[in-house]
């Protein structure tokens, strides 16, 4: 199987294999318009070999598989004649589709690797038990002893957005004692999906105060139920952001990013890194690391001023070859999180 043929479906095996590894970062994925995602969408679940092969056959019959293969090889610097674009012979069909068929038969390996990696780090989900990944109902993600999110709407996981979400889940979803956050800016389809959140292992004598994005919210309005005997707090969330439970009556300083104008920078492949300087309040942290994230990518280094009003985040330039606007998120596990939409433009 050629390198190009491996790219179409084999990419997912690679990035799912490492998705739950410590300090995982995003990988170079096919663009959203790539036929990789068309093939994925044609499958009922990662084990749907027949659906995968049927899509490959369709792509062959329309000539799209030929065009895709030729364009990828040319992008890699190969000299490919135009005649290959129009070669619909049986010999070429067998040669072209065989490698893709082989990947279809092994497609589920990446998901199994991801499942075992999640479990290794105490993360579980019932997504693996679903037969139809286009209509996933009752989905939950759980971190043992820390928290759980139960979605109350049907989701389509055989799509570009949700596969990217799964790949970057360690960076987007955080569970800690009394703290749950889901950065939905990178997966807008999730932003207003209702869910039930559960926090475990709390040590409050009564129903705690709940802060949403640093602002105090009436616990009763969230339908909060607290079991002091087990330290379990359950409440409803109409949209996703950061949720923090604190002792009732506690004084909590909100985190904020304070700039009005969008920042922009020009992509330069000759530079290895670039810095984003953030002004705000409540950025100081004395108990856990501060994480600065631009889009799906975490900063390799974060420096916060002593007064908590400025953070300097250093990112790898190679991660941002795709131009456009990216949201910026600063989070302190167990303390808070703040996001500025379309904060930085890469041009």
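So is residue 43 modelled with pLDDT under 85, more than 29 Å from residue 315 (Cβ to Cβ) and in a loop (DSSP other than H, G, I, E, B) or not?
no
Have a look at 318, 322, 269 and point out the one that is assigned to a loop (DSSP other than H, G, I, E, B) and either within 22 Å of residue 161 (Cα to Cα) or in the same structural domain as residue 206 (by TED's automatic domain parsing) (or both).
On the way: 318 fails: assigned to a loop (DSSP other than H, G, I, E, B); 269 fails: either within 22 Å of residue 161 (Cα to Cα) or in the same structural domain as residue 206 (by TED's automatic domain parsing) (or both).
Among 318, 322, 269, only 322 is assigned to a loop (DSSP other than H, G, I, E, B) and either within 22 Å of residue 161 (Cα to Cα) or in the same structural domain as residue 206 (by TED's automatic domain parsing) (or both).
Within segment 94-102, is there a residue that is over 18 Å from residue 55 (Cα atoms), touching a residue at least 60 places away in the same chain (Cβ under 8 Å) and surrounded by 18 or more Cβ atoms within 10 Å (Cβ to Cβ)?
Initially, segment 94-102 is screened for residues over 18 Å from residue 55 (Cα atoms), giving none.
There is no residue in segment 94-102 that is over 18 Å from residue 55 (Cα atoms), touching a residue at least 60 places away in the same chain (Cβ under 8 Å) and surrounded by 18 or more Cβ atoms within 10 Å (Cβ to Cβ).
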Qualifying residue in segment 209-219 (condition: assigned to a loop (DSSP other than H, G, I, E, B), in contact with a helix residue (DSSP H, G or I) (Cβ under 6 Å, 6 or more places away or on another chain) and either surrounded by fewer than 16 Cβ atoms within 10 Å (Cβ to Cβ) or modelled with pLDDT of 80 or more (or both)): no
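With in contact with a strand residue (DSSP E or B) (Cβ under 8 Å, 6 or more places away or on another chain) and either outside any strand (DSSP E or B) or buried (at least 16 other Cβ atoms within 10 Å of the Cβ) (or both) as the only criterion, which of 337, 341 stands out?
Working: 341 fails: either outside any strand (DSSP E or B) or buried (at least 16 other Cβ atoms within 10 Å of the Cβ) (or both).
Just a single option satisfies the conditions, and that option is 337.
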Qualifying residue in segment 77-85 (condition: modelled with pLDDT of 90 or more, farther than 30 Å from residue 293 by Cβ, crowded, with 19+ Cβ neighbours inside 10 Å and over 17 Å from the mean Cα position of the chain (by Cα)): no
Answer residue from segment 238-251, given it is under 22 Å from residue 331 (Cβ atoms) and without any contact (Cβ under 8 Å) to a residue 60 or more places away in the chain and is surrounded by the most Cβ atoms within 10 Å (Cβ to Cβ) among those: 240
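Filter segment 220-237 down to the residues that are assigned to a strand (DSSP E or B) and buried (at least 18 other Cβ atoms within 10 Å of the Cβ) and list them by number.
Listed by number, the residues that qualify are 226, 233, 235, 237.
The values are calculated or read from the model by the stated rules, or taken from the named source; none is laboratory data. Remember, it's a predicted structure, so these values are computed and weren't measured experimentally. Here the Cβ is made from the backbone with ideal geometry for all residues, glycine too, and neighbour counts use every protein chain on show.
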